[in-house]
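To start, the structure under review is shown below, and the notes come after it.
The values are calculated or read from the model by the stated rules, or taken from the named source; none is laboratory data. Everything quoted here is computed from the prediction, not taken from an experiment. We place every Cβ from the backbone using ideal geometry, glycine too, and count neighbours over all the protein chains shown. Quick note on the areas: whole protein, heavy atoms, side chains included, nothing else; ligands and nucleic acids left out. Shrake-Rupley method; radii C 1.70, N 1.55, O 1.52, S 1.80 Å.
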Amino acid sequence: MDTVLYTVCAVAGWIALGYMVRLQRRHPSHARRAICGGLGAFAAGITVAIPPIATAIDQTSGLPNLAKVMAHAGALTISANAEIMLLHFALPPATAAARARRWIWVTACAFLVMVGLFAHTLTYDAPVRLTVEYATDPVVTAYLLIFLLLGFFAYCFDITRLCWSFAKICGRPWLRRGLRITAVGAAFALLYSTNKIGYLVAYWAGYQPAGERQIAAVLVTIGALLITIGLTMPAWGPTLRITRRWEDHHSWRRLEPLWRDLIAALPDLELDPTLRRRWAAARDTDYALTRRVAEIRDGRLALRPYLDSGVTAVAAHLAERAGLTAEERQATIEAAHLACALRRHRAGLVAAVPQPADELHRPDGGYAGEVAWLTLVTEFYASSPVVAQTVAATRDRTAPGTPHPTVGDARR
């Protein structure tokens with residue numbers, strides 16, 4: 001049974017690796033590079049763990065357990081790469097890089113100790129296997145405990161925690177789903193480690209329970225497949241829903257007028273200039289839309305010193321006179337604030353009485369509600385006569401010669 005299960009995992013791993021390498025060549029990133037490294041190590045490790053292949057490697061090399069050590073190296077590598085990917089998602093680049101280096105050093109040192117223990121078993125007169133059946137040998141126990149406690153307990157516990165926490169705040173739906181599936185897969189890896197340690201304790205206690213290989217194979221297969229699916233889902237998931245991709249692309253285009261003006265005034269907000277090209281955004285619509293929403297929100301925050309509270313009364317009066325609905329009035333006021341703030345930013349004049357921070361509208365409906373709200377705001381920003389009238393009515397506030405604090409005055 002374990003031959004069939006490991007073969008299924010190996011095939012899935014090589015397919016996933018090929019897909020992600022192709023994607024990494026087109027859109028390189030730290031996270032995708034970590035995923036490719038992890039999937040490559042997993043595919044190679046699970047392949048050499050297939051019993052007939054493992055036996056052939058050991059016999060050809062003349063080194064018992066060599067295939068087992070190679071498989072364990074693959075398991076440690078995919079755990080390390082999944083951790084590195086999540087660190088780059090959840091932390092600032094410098095912090096993520098520092099923590100990633102620590103994990104790499106710890107993993108490398110632990111594996112060197114494992115290799116030393118493996119080499120020591122080669123000096124035995126009677127060969128042993130690095131499995132729980134030989135757990136009463138202290139060297140085998142030490143080897144297995146290092147592998148299980150680091151490669152599964154330490155890594156998989158942290159991966160489960162990071163995936164589940166980051167999924168709660170992630171705006172990209174397919175990334176959120178992938179993180180949750182990865183978390184469940186890592187939980188199965190924890191069960192695998194718990195199962196192994198339980199058998200270790202049983203053998204040390206003098207018992208010889210059966211079924212360890214079968215249970216381990218099932219847990220490894222479930223965990224490995226779920227992690228593979230979860231890590232690659234953000235890449236292939238959006239392609240399963242063409243309609244949703246079209247809707248997201250349409251939203252991305254509708255947000256362009258407001259986004260374009262904000263980026264022109266605050267160019268540092270744009271993190272990925274390649275997304276200006278429609279064909280580039282169409283390849284990863286989910287990412288392109290998420291970036292555009294984030295940059296609009298960041299632009300709004302950057303303009304806070306220029307948001308004049310007096311604009312609210314003017315825009316609200318004009319919107320009410322135009323007969324707009326409550327939601328339309330709210331979106332019009334927000335659009336008018338942004339239009340006036342951009343004008344103030346160009347003039348270098350901060351607001352005498354800035355709009356209170358707690359007046360920022362926070363729509364319901366999570367990420368989808370945020371997209372819908374900003375789309376409505378952009379529509380009014382680009383074409384509403386009320387917004388144009390508000391800008392004209394408040395023009396005297398930024399007229400030359402008008403006493404008003406400048407940016408430098410505000411900073412002092």
Unique residue being closer than 30 Å to Leu275 by Cβ and either among the polar types (S, T, N, Q) or buried (at least 17 other Cβ atoms within 10 Å of the Cβ) (or both) when the list is Gly40, Gly18, Gly74, Gly13: Gly40
Residue under question is Asp286, and the condition is that it be open to solvent by less than 20 Å² (accessible area, probe 1.4 Å), of a type in the set (D, E, K, R) and closer than 19 Å to Arg395 by Cβ; does it hold? no
Go through the stretch 104-116 and report how many residues are under 27 Å from Met233 (Cα atoms) and buried (at least 20 other Cβ atoms within 10 Å of the Cβ). 1
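Of these, Gly223, Gly211, which one is more than 29 Å from Val106 (Cα to Cα) and open to solvent by less than 60 Å² (accessible area, probe 1.4 Å)?
Gly211
Listed here are the residues, each with its yes/no results for (1) within 18 Å of Ser79 (Cα to Cα); (2) in a loop (DSSP other than H, G, I, E, B); (3) in contact (Cβ under 8 Å) with a residue 12 or more places away in the chain; (4) of a type in the set (D, E, K, R).
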{"residue": "Trp105", "(1), (2), (3), (4)": "yes, no, no, no"}
{"residue": "Met114", "(1), (2), (3), (4)": "yes, no, yes, no"}
{"residue": "Ala126", "(1), (2), (3), (4)": "no, yes, no, no"}
{"residue": "Arg129", "(1), (2), (3), (4)": "no, yes, yes, yes"}
{"residue": "Val139", "(1), (2), (3), (4)": "no, no, yes, no"}
{"residue": "Leu144", "(1), (2), (3), (4)": "yes, no, yes, no"}
{"residue": "Leu150", "(1), (2), (3), (4)": "yes, no, yes, no"}
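Scan the stretch 173-201 for residues that are of a type in the set (Lys, Arg) and open to solvent by 40 Å² or more (accessible area, probe 1.4 Å) and jot them down.
Listed by number, the residues that qualify are Arg176, Arg177, Arg180.
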Within the stretch 324-338, considering residues that are in contact with a Ser or Thr (Cβ under 8 Å, 6 or more places away or on another chain) and open to solvent by 20 Å² or more (accessible area, probe 1.4 Å), the one modelled with the lowest pLDDT: Leu324
